[in-house]
Amino acid sequence: MRKFSSFEWVPDFARGHVKEMRVRWALEEAGLPYREMRLTQEEKAGAPYLQLQPFGQVPCFEDGEVSMFESGAIVLRIAEQSEALMPRDAQGRARTMSWVFAALNSVEPEVAHLAAIDLFHEGEEWARLRRPGAVENVLHRLRQLAGWLGDRDYLEDRFTAGDLMMTTVLREVRQEEVLVQFPTLRAYRERCEARPAFRQALADHLAIYAQAAE
Ligand SMILES: N[C@@H](CCC(=O)N[C@@H](CS)C(=O)NCC(=O)O)C(=O)O
């Protein structure tokens with residue numbers, strides 16, 4: 001049975017955005033059954049969990065054959081086992097992997113930098129000075145992404161793990177001043193979020209915190 005880690009509690013701003021969502025969504029797309037390993041804040045820093053995830057983060061993943069960590073690597077592992085996430089031909093596989101890495105390495109760093117400024121450093125002098133440059137870097141990447149996407153539904157000719165990963169990164173762009181400039185990316189994100197697998201994953205993820213509040 002496949003198993004991944006999640007947190008039994010996270011602050012409000014993180015709900016719906018914890019990186020285990022990527023794994024949950026991938027497993028739903030693939031139609032593979034799974035179990036969760038819900039961690040307390042103490043457990044994530046404990047020696048047993050650090051054997052599974054050296055940085056004390058979620059998600060980690062086990063499937064009976066491998067034990068691994070890093071959401072991108074885990075999603076690719078699941079994609080290897082499901083054509084729903086990655087075509088079987090060499091070119092299709094290569095393009096899927098390219099987009100997974102593009103989301104994580106080319107787009108996410110800029111998005112995460114701006115998010116950190118707005119979520120964690122609002123009002124600090126350095127953040128006020130840095131913010132315009134950080135916004136411009138996000139705009140630049142999103143202009144390039146929108147240019148590639150054009151009027152396509154997905155990054156390639158069908159939905160892949162690359163779209164899954166890119167959507168989770170675009171979900172971190174919460175600045176209306178940025179979003180308003182990219183109607184096609186907003187529509188792309190919403191198209192991916194409308195997939196039944198995403199909706200199921202999000203509902204199951206949010207249910208953790210609804211239970212915690214009871
Ligand atoms: N690069 C890692 C990042 C994972 C990550 O940032 N996880 C966050 C939750 S979204 C976490 O566990 N934060 C707790 C911590 O860093 O102590 C991945 O993609 O799996």
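Any read-out appearing in this document is the output of simple, stated calculations on the displayed coordinates, not a laboratory observation. Because the structure is predicted, anything quoted here is derived from the model rather than measured. FYI the Cβ positions are ideal-geometry reconstructions off the backbone, even for glycines, and counts take in every protein chain you see.
The convex hull defined by the C-alpha atoms of the range 90-195 has an orientation-averaged projected area of 6.5 nm².
Other residues lying with their Cβ under 10 Å from the Cβ of PHE159 contribute a combined charge of -2, Lys and Arg counting +1, Asp and Glu -1.
Between SER67 and ALA146, residue separation times 0.36 nm minus the direct Cα-Cα distance comes to 24.9 nm. What the Cα atoms of the range 124-186 give is an Rg and a Dmax of 13.4, 45 Å.
Here is how the number arises for the chain: DSSP H runs of 4 or more residues each give -39500 (n - 2.57), the sum is divided by the residue count, and the result at 222 nm is -17500 deg cm²/dmol. With a Förster radius of 41 Å applied to the C-beta separation of GLU172 and GLN51, the computed FRET efficiency comes to 0.90. Charged neighbours of GLU62, selected by a Cβ distance under 14 Å, balance to -1 (K, R count +1; D, E count -1). Scaled to the globular estimate 2.2 N^0.38 Å, the Cα spread of the chain, given as radius of gyration, is 1.03. A convex hull fitted around the alpha carbon atoms of the range 41-145 yields 133 Å³ per residue. What does the net charge come to around TYR188 if you take all other residues with beta carbon closer than 9 Å to its beta carbon, with K and R at +1 and D and E at -1? Once all neighbours under 9 Å are counted, the net charge is +1. Loop-located trypsin sites (Lys or Arg not before Pro) in the range 53-94 (DSSP state other than H, G, I, E, B) with a sparse environment of at most 13 neighbouring Cβ atoms within 10 Å: ARG88.
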